[in-house]
Amino acid sequence: MADPTLIPAPTAQSPAMADPLAGLRDWHLPEPVAWWPPAPGWWLVAALVMIALVLGWALWRRRRRQGAAVRAALSRLAALSQALQSGGDQRRFAAEVSQLLRRLALIRYPRERVAGLTGSAWLAFLDTTGGGDGFTQGSGRVLADRPYRAPGDAAPSAQPDLDPVAVADLAARWIRAQRETTP
């Protein structure tokens, strides 16, 4: 056994020695992550967003350009109706409405399908592309022959006389239908 005289006597200890954790440094946070340059995943997200924006803009522009012809046709139809209301010629009104519809049809459909159509074939085309049966069976029938009659000629008994409001409404309905359809 050890000699009790050999055990050192307690002495005054320094405060650092009294607390074994006092010599440790305080815990510290890592440096904050820099916002630039972003991680590769953010570059991918940014590229996908840019592609989506460019495609969305291109589709919006294409749709807007397609709708421009329809807007112009509706505006022209309103001007024709206004001119007829202020004492215009019904024969001229029918001719200009028919020309307006043909111009829009040539924009929207292949030339081979539209350019050679006359008479009842033209009216049937208008019906199948958005007119229901208003051109072959309704007020739109006057567009087939009224523009070609001499001023003052009476309508044949099989053909109705021109009802400008009904023709304008039918033409406007056909023009609006061209906005939703793709040829």
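The values are calculated or read from the model by the stated rules, or taken from the named source; none is laboratory data. What you see is a predicted model, and the numbers here were worked out from it, not measured in a lab. With ideal geometry, Cβ positions are generated from the backbone for all residues, glycine too; neighbour counts draw on all protein chains shown.
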Subset of the stretch 59-86, residues in a helix (DSSP H, G or I) and of a type in the set (S, T, Y), comes to S75, S81
Tell me which residues, restricted to the stretch 108-124, are modelled with pLDDT of 90 or more and within 16 Å of I175 (Cβ to Cβ).
-> Y109, V114, W122, L123
Considering residues of the stretch 33-55 that are outside any helix (DSSP H, G or I) and of a type in the set (A, V, I, L, M, F, W, C) only, the residue nearest to the chain's Cα centre (by Cα) | A39
Filter result for the condition that a residue is surrounded by 15 or more Cβ atoms within 10 Å (Cβ to Cβ) and over 18 Å from A177 (Cβ atoms), over A72, A52, A144, A79 | A144
Inspect all residues belonging to the stretch 75-87 and state whether any of them is out of contact with any helix residue (DSSP H, G or I) (no Cβ under 8 Å at 6 or more places or on another chain) and more than 30 Å from Y148 (Cβ to Cβ).
-> no
Restricting attention to the stretch 121-130, does a residue exist that is loosely packed, with under 14 Cβ neighbours inside 10 Å and of a type in the set (D, E)?
-> no
Counting only residues that are of a type in the set (G, A, S), within 27 Å of R65 (Cα to Cα) and exposed (fewer than 15 other Cβ atoms within 10 Å of the Cβ), how many does the stretch 82-108 have?
-> 0
Where residues in the stretch 152-172 are assigned to a loop (DSSP other than H, G, I, E, B) and at pLDDT 65 or above, which of them is nearest to the chain's Cα centre (by Cα)?
-> D163
Qualifying positions in the stretch 162-180 - surrounded by fewer than 19 Cβ atoms within 10 Å (Cβ to Cβ), under 19 Å from T128 (Cβ atoms) and either in contact (Cβ under 8 Å) with a residue 40 or more places away in the chain or touching a Leu at 6+ places or on another chain (Cβ under 6 Å) (or both) | A172, R173, R176, A177, R179
Scanning the stretch 125-142 residue by residue, the ones that are out of contact with any Leu (no Cβ under 7 Å at 6 or more places or on another chain) and within 15 Å of I175 (Cβ to Cβ) total 4
